[in-house]
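Report on one structure; see the data block that follows.
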Amino acid sequence: MNIEGLKFGVIGGGIGGVAAALALRQRGAQVTVFEQAAELTEVGAGLQISENGMVVLRALNVVGETHEAGIRSYGTLLRDYRAGRSISEIPAPAAGPTYYYHRADLLGLLHKQALREGVEFRLGARVSRVHKHPSEAEVVLGDGTRLRVGCAIAADGGRSEIRVGLNGPEAPEFTHQVAWRATIPWARRDQKPCAVLTMGPGRHVVTYPLRDHTLMNIVAIEERSDWKEEGWRLRGEPEDLRARFFDFGGLVGEILGQVQEPHIWALFLRPVAEHWQNGRVALLGDAAHPTLPFMAQGACLALEDAWVLARSFDEQSGVTQALAAYETRRRPRAKRVVDAAGANARNFHLRGPMRLAAQMALLAIGPRLSRKYEWIYAYDATV
Ligand SMILES: Cc1cc2nc3c(=O)[nH]c(=O)nc-3n(C[C@H](O)[C@H](O)[C@H](O)COP(=O)(O)OP(=O)(O)OC[C@H]3O[C@@H](n4cnc5c(N)ncnc54)[C@H](O)[C@@H]3O)c2cc1C
């Protein structure tokens, strides 16, 4: 169907929402993004965007051949925690290199392109409900304002309220994993930048450079049972972080020693949503398929969703058919990636003899490991 002039309301101005708005706008739709925050912001941390996400960013004209603001990765180095001993190296995927972005920079690039193409943004606009009507959707804002659109896309994140409207209430499950996140100033420039994954019993740390090598990004994950609160952006104490990773030595120990303002949050999980759409309203990104961060794929999946959603309108005769086709195409892929990330949570934190055995295996198969996940990286949503 031709969506030129059709009104879309996108709920959520995160990476998934803005990418979807852009993909729809590029087909001539009239798109408004409703974002509850007063400005478009992302936490001050990094994102790895693998080739399956990069193809969408390029197709949306968000990045060109120079991959603005991103750092090209040459692979992942696996290390043991005590002295940072090298275990193995995973080369960059054959499908194409991953890029490291500061989240705010990537969202800024998407936002700039969306504004250039004529997407409208309503900031400080919290959506409280979406109603379905026979041939429209009604977006209801927190202040009571009601707006009719031809189709509403809910990209309102892992704690999506629109998802509750489509699927009913669900209790999130605490994964017993807690993530610390920080960036520190960094002045060393590696010729061939890599992510470093340092594994210890019950914990792991991932580090990689950002912003032209001026920052080092740190994600430190630990298993913990004493956490009840689901939320982002809680401040943590740097001394607490160091105490919990006290036995991590080598370069990662040095990096953790420089952290001053860590943020911390518990990793809660909801399953991939059972219902993604109801004919006029569809879920996208974390709202549809929240994932653990252990494959670094949440934002990449949201980018894939955005492209496939918009393209479904090219291929189908009406809004209802397009949203149904989008769900059919995206659900199995998202579920498979989410499951792979869940399996990695266990692999990274092995203890005792299991850890040593796994390290031996990694030594042998590390160089081939990226091939195991080539099905993730080589997926091209744009063809
Ligand atoms: C530690 C960690 C590391 C990660 N690393 C990577 C990585 O390296 N690579 C990768 O691809 N992914 C990574 N991810 C996952 C990635 O961050 C998410 O999957 C991605 O940000 C999801 O984007 P989204 O647009 O769906 O949702 P979000 O980014 O959560 O955006 C949702 C937006 O909706 C707004 N909103 C919510 N409710 C409303 C409402 N009612 N009305 C209006 N606005 C609303 C919010 O304010 C927010 O701006 C990581 C995640 C974690 C936790």
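Summary table
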item	result
Sorted by Cβ density within 10 Å, fewest first, the residues Tyr379, Tyr100	Tyr379, Tyr100
Using distinct alpha-carbon pairs, which all enter the 1/r mean, Kirkwood radius of the chain in Å	21.4
GluC sites (Glu not before Pro) lying in DSSP loop within the range 22-123, provided at most 12 other Cβ fall within 10 Å	Glu39, Glu65
Relative contact order %, the chain, counting alpha carbon pairs below 8 Å whose residues are six or more apart	24
Linear extension gain, Glu136 paired with Asp240, 0.36 nm per residue minus alpha-carbon span	32.3 nm
Acute angle (nearest 10 degrees) that the helix 319-348 long axis makes with the longest principal axis of the chain, alpha-carbon atoms	10
Where labels lie 7 Å past Cα in the beta-carbon direction, separation of Glu68 and Thr320 in nm	4.1
Cα-based shape type of the range 108-153, given that a ≥ b ≥ c are square roots of the gyration tensor eigenvalues and the cut on a/c is 1.5	oblate
Rounded Å value of the spacing that divides the Cα centres of the range 242-268 and the range 132-167	40
Cleavage-rule hits (chymotrypsin sites (Phe, Trp or Tyr not before Pro)) in the range 197-260: DSSP loop, at most 10 neighbouring Cβ within 10 angstrom	Phe246
The range 135-238, relative contact order in percent, only Cα pairs under 8 angstrom and at least six apart counted	21
Mean residue ellipticity (222 nm) of the chain, computed from DSSP H runs ≥ 4 via -39,500 (n - 2.57), nearest 500	-11000 deg cm²/dmol
DSSP bridge pairs, the chain: antiparallel proportion in percent, nearest 5	70
Cleavage-rule hits (trypsin sites (Lys or Arg not before Pro)) in the range 194-290: DSSP loop, at most 13 neighbouring Cβ within 10 angstrom	Lys228, Arg233
Fewest-first sequence of Leu309, Leu197 by Cβ atoms within 10 Å of each Cβ	Leu197, Leu309
Dimensionless Rg ratio for the range 200-291, taking C-alpha atoms and the 2.2 N^0.38 Å reference	1.40
Scattering profile of the range 245-305 at q = 0.14, 0.18 Å⁻¹ [log10 I(q)/I(0), Debye over alpha-carbon scatterers]	-0.62, -0.79
Ranked Tyr208, Tyr373, criterion: other C-beta atoms within 10 Å, fewest first	Tyr373, Tyr208
Value of relative contact order over the range 86-205, rounded to a whole percent, pairs C-alpha under 8 Å and six or more apart	10
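Taken together, the values in this text are just the output of simple stated rules run on the coordinates, not laboratory data. Because the structure is predicted, anything quoted here is derived from the model rather than measured. Cβ: placed from backbone, ideal geometry, glycine included. Neighbour counts: every protein chain shown.
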